[in-house]
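Enquirer: Here it is, the structure, as structure tokens.
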Protein chains: 2
Amino acid sequence: MKMSKMGIHPEKSAPKDADTINHRLLVQAGFVRQLMAGVYTYLPFGLIVLRKIEAIIREEMDAIGGEEILMPMLQPAEIWKTSGGWDHIDVLFKIKSRTEKDYALGQSQEEVVTTVMKEFIRSYRDLPRAIYHIQWKFRDELRAKSGILRGREFLMKDMYSFHENQEDFEKYYEVAKKAYLRLFSRLGLTSKVTEASGGGFSEKISYEFEVLTDAGEANILYCDSCEFCVNVDDISKYKVGDRCPKCDKDDLKSATASEVGNVFDLGRKYTEAFDLSYTDQNGEKKYPIMGCYGIGVTRTMGVIVEKFHDDKGIVWPKNIAPFLVHLVDIQQQEEAEKIYNSLKQDGIDVLWDDRELSAGAKFADSDLIGCPIRVVVSARSISAGGVEVKMRNETESKIIPIDKLSSFVKNV
Amino acid sequence: MKMSKMGIHPEKSAPKDADTINHRLLVQAGFVRQLMAGVYTYLPFGLIVLRKIEAIIREEMDAIGGEEILMPMLQPAEIWKTSGGWDHIDVLFKIKSRTEKDYALGQSQEEVVTTVMKEFIRSYRDLPRAIYHIQWKFRDELRAKSGILRGREFLMKDMYSFHENQEDFEKYYEVAKKAYLRLFSRLGLTSKVTEASGGGFSEKISYEFEVLTDAGEANILYCDSCEFCVNVDDISKYKVGDRCPKCDKDDLKSATASEVGNVFDLGRKYTEAFDLSYTDQNGEKKYPIMGCYGIGVTRTMGVIVEKFHDDKGIVWPKNIAPFLVHLVDIQQQEEAEKIYNSLKQDGIDVLWDDRELSAGAKFADSDLIGCPIRVVVSARSISAGGVEVKMRNETESKIIPIDKLSSFVKNV
């Protein structure tokens, strides 16, 4: 993308109303704009990052047998009355139509997915199943703060699984957990899983996926050698220095963390309420056990900015950066155009700052936007034998010959 | 995709409440499910088609300089009061929050796009601009019928352009018109454009893009030699057999058609209301002229089904079919698996009916789903020298050697 062609570009000054780093940097660098508290427009850079996060989540959900659908946001009140959510979920947005019909805006999709799947799950042969979608959700929050960490309108991936019994759900949860740990790692994040009170299936289990970050709102104890963690804000039987009860290989450390995903054991609450039943091997009518697996997509984007930034701007992890390369030319338009075209031909995402601005202004914008690799082409770099390459998360730069640039970039 | 792995599959019987072909076939073939009138879940096949239509639209909007963003659906009442829509748009869904704040659900995005762009358009140097997004919209319809043709929740691409003057808007409209005609053609549709009362810029102009189809709700006169058409349901000065007033090469014919896109000249209504102004070359404050360019994405999907089907099912145009190839094996699992893997390796979208069903049931589902190329591998086809290939829109089949299948498919 050529920056001279963009009508939407980074700002010079930070927004006055930003209460968090993600809000300030995402606005200043031109990724989002706040329409009202908790509701954002995603500008071109922001939309690219969102789509890259989505794509990684989609690949991992597909890899564990998830079937992707897209459920609607506008929903009839009846299904929320069936589940009981209509009267008990205070963040549920309610709408009255011109004809006095009541609707709700989806804040979760258990009601819709059971309505859809009761047609397709009839026999034990139809189980297990995992259905997911990536869709915007709505919550009537009393106060929406913290940028895109907690929105009134936000993007989520939610998957729902259906099982013959508790053991099968637990088996699939282990598969899903591995997928979650893998996808957060692909997003550049180290995640840990809170394990519930443990053992036995007598009580409903829920798991939280926490990302270690100084900006996190939760205090956790975690193990470096496995994915174990506990939220110490809840009642905890563990303390710093205890041996990890899961892997027994390391001592527990303390840290702050942000929740980016969760899993709930829904039991038969929704399958019974919506009469989603199946016939088991003995011909008996049974209700499946249901699991729910969420990831806040926009929230994860915000957590990544909270974790990866410095005083100059965002430092995007490679896999979800809006562009891998930020090409900056200092009065070397012609040479830069050749490099730009050649990188693009090699399938590399590249942003070219071809505007008529000072080197200093271009460097400041490049740091603000936060692409992993900055490539500068200037008279000086050319006389030194190529282009000046600097990683966003390093301070030293080096000269790379132009004909070696593509292969260098691909191996970063 | 292997059909044996799919939990969501075509139905045997048509839905009882379907009042249109698109509703009946899209449900029966497993593309959508109705949650309530005018609100649908997109099942895996439906989502694939929707994404393919989106991708074609996106390519064509990018090619004419459109910058893609994503504007929110939940919107503050204030912006709708500023534009006057709050009191005058009867299909606007209104929501009251727990804290008694009023919100609207986006049914169009002029209010938001001007709010966002007033920051980026300040000088004549910032013009012209074209900003678009592909987003779900909501309309409080008294009655929602006709499947996905007219929804309460529906997907639209809407682009907004900003110009120094009327001439520049008209110039850009000509560019956008060509992009629209090209993209509808890529979707397999022949589109025509209603031309407004013509000449002079004294009155606000709007254009409709109509697709010729027997199931269309509009009666039009059109020219075969150019894109001219008029809606004869409006007052028209033309009649069948008149010479085309645009190209003068052909006589006007009559047909029925469906509207799939539209363009509005918004003048300065929104730029003035939201004080989106720019400084012209003489240093004077001016308000840009604004254009709006819509395409109903879900509606277009419905129109395509209304146009391309027969009594056995849907007949998808090649570019947006859920899969290019529907591979059907008749007790030739092993041979089919080889073909499936080889087609996939060659980058071809293929659906493999690997279920344990009769040949007749598989053929019926294949016709219902409507992929362009059916490939049958059976003992008979193998002894005849390969696989039996039939186009969905033809009746004759032919034998193609297996090692020639990929290149045959790629050249269809």
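Taken together, the values in this text are just the output of simple stated rules run on the coordinates, not laboratory data. Just so we're clear, the structure is a prediction, and the values are computed from it rather than from any experiment. With ideal geometry, Cβ positions are generated from the backbone for all residues, glycine too; neighbour counts draw on all protein chains shown.
Enquirer: Just to be sure I understand: if I project the alpha-carbon convex hull of segment B:150-278 onto a plane and average over all orientations, what area do I get in nm²?
Expert: Projected over every direction and averaged, the Cα hull of segment B:150-278 covers 9.5 nm².
Enquirer: Could you work out the mean projected area of the convex hull around the alpha carbons of segment A:323-410, in square nanometres to one decimal?
Expert: With every direction weighted equally, the projected area is 5.0 nm².
Enquirer: Cα to Cα, under 20 Å, and not fewer than 8 places away if on the same chain: which aspartates and glutamates meet these conditions relative to A:K285?
Expert: A:E119, A:D126, A:E164, A:E167, A:D168, A:E272, A:D275
Enquirer: Let me ask you something else. Which chain B residue sits with its beta carbon nearest the axis carrying B onto A, and how many Å away is it, rounded to a whole number?
Expert: That would be B:I95, 3.
Enquirer: Can I ask one more? Run lengths n ≥ 4 of DSSP H only: what is the helix-derived mean residue ellipticity at 222 nm for chain B, with -39500 (n - 2.57) per run over all residues, to the nearest 500?
Expert: -8500 deg cm²/dmol
Enquirer: Please give, to one decimal in nm, the separation of the simple spin-label points placed at B:D214 and B:K96, each 7 Å out from Cα toward the Cβ.
Expert: Label-label distance for B:D214 and B:K96, simple model: 5.2 nm.
Enquirer: Considering amide H positions built from the backbone, and no H for Pro or chain starts, which residues 5 or more places from A:T190, or on another chain, come under 5 Å of its amide H?
Expert: Amide H to amide H, under 5 Å and 5 or more residues apart or across chains, A:T190 pairs with A:L212.
Enquirer: If you don't mind, there's one more thing I want to ask. Quick test of your reading: applying the under-4.7 Å Cβ rule, which cysteines of chain B are isolated?
Expert: B:C229, B:C292, B:C371
Enquirer: When Cβ neighbours within 10 Å are restricted to other protein chains, what is their mean count per residue of peptide B:91-97? Show your work: numbers first, answer last.
Expert: On the way: counts 2, 1, 7, 4, 8, 5, 7.
The mean count of partner-chain Cβ atoms within 10 Å per residue comes to 5.
Enquirer: On to the next question. Would you mind checking the radius of gyration and Dmax of segment A:91-144 based on alpha-carbon positions, in Å?
Expert: According to the Cα coordinates of segment A:91-144, Rg and Dmax are 15.3, 46 Å.
Enquirer: Output the 0 to 90 degree angle, nearest 10, between the alpha-carbon long axis of helix B:44-63 and the longest principal axis computed from the alpha carbons of chain B.
Expert: The angle comes out at about 50 degrees.
Enquirer: Could you order peptides A:369-378, A:161-170 by the average number of other Cβ atoms within 10 Å of their residues, highest first?
Expert: So the order, starting with the most tightly packed, is A:369-378, A:161-170.
Enquirer: Please compute the modelled spin-label separation between B:D17 and A:D311, points set 7 Å along Cα→Cβ, answer in nm with one decimal.
Expert: 6.2 nm
Enquirer: Would you mind counting up the charge near A:D280? Only other residues with Cβ under 13 Å from its Cβ, with Lys and Arg at +1 and Asp and Glu at -1.
Expert: In short, 0.
Enquirer: Let me ask something additional. Of the options B:V376, B:L327, B:P401, report the single residue whose Cα projects farthest towards the positive end of the charge dipole of segment B:323-410 (beta-carbon charges: Lys, Arg +1; Asp, Glu -1).
Expert: B:P401
Enquirer: To make sure I understand, if each residue's beta carbon is the centre and we count other beta carbons within 10 Å, what order do B:W136, A:W352 fall in, fewest to most?
Expert: B:W136, A:W352
Enquirer: Right, another one. Taking the Cα centre of segment A:323-410 as the origin, how large is its charge dipole in debye, to the nearest 20, when only Lys and Arg (+1) and Asp and Glu (-1) carry charge on their Cβ atoms? Walk me through the numbers on the way to the answer.
Expert: Working: 11 positive and 15 negative charges, 51 e Å.
Dipole about the Cα centre, nearest 20: 240 debye.
Enquirer: Semi-axes of the protein assembly as shown's equivalent ellipsoid from the Cα gyration tensor, sqrt of 5 times each eigenvalue, largest first, rounded to whole Å?
Expert: Values for the protein assembly as shown, descending: 40, 39, 30 Å.
Enquirer: Hey, any idea what the orientation-averaged projected area of the convex hull of segment A:99-196's Cα atoms comes to, in nm²?
Expert: The Cα convex hull of segment A:99-196, projected and averaged over all directions, gives 9.7 nm².
Enquirer: Okay, moving on. State the dimensionless ratio Rg/Rh of chain A (Rg: radius of gyration of Cα atoms; Rh: Kirkwood radius).
Expert: Result for chain A is an Rg/Rh of 1.03.
Enquirer: Lysine pairs in segment B:110-222 with Cα distance under 15 Å, only those 8 or more apart or on different chains: how many are there? Write out the running numbers ahead of the final one.
Expert: Working: B:K137/B:K157; B:K157/B:K177; B:K177/B:K192; B:K178/B:K192.
Lysine pairs satisfying the spacing and distance rule in segment B:110-222 number 4.
Enquirer: Let me have the relative contact order for segment B:304-354, percent, based on Cα pairs under 8 Å that are six or more residues apart.
Expert: Taking the mean separation of contacting Cα pairs over the length of segment B:304-354, I get 35 percent.
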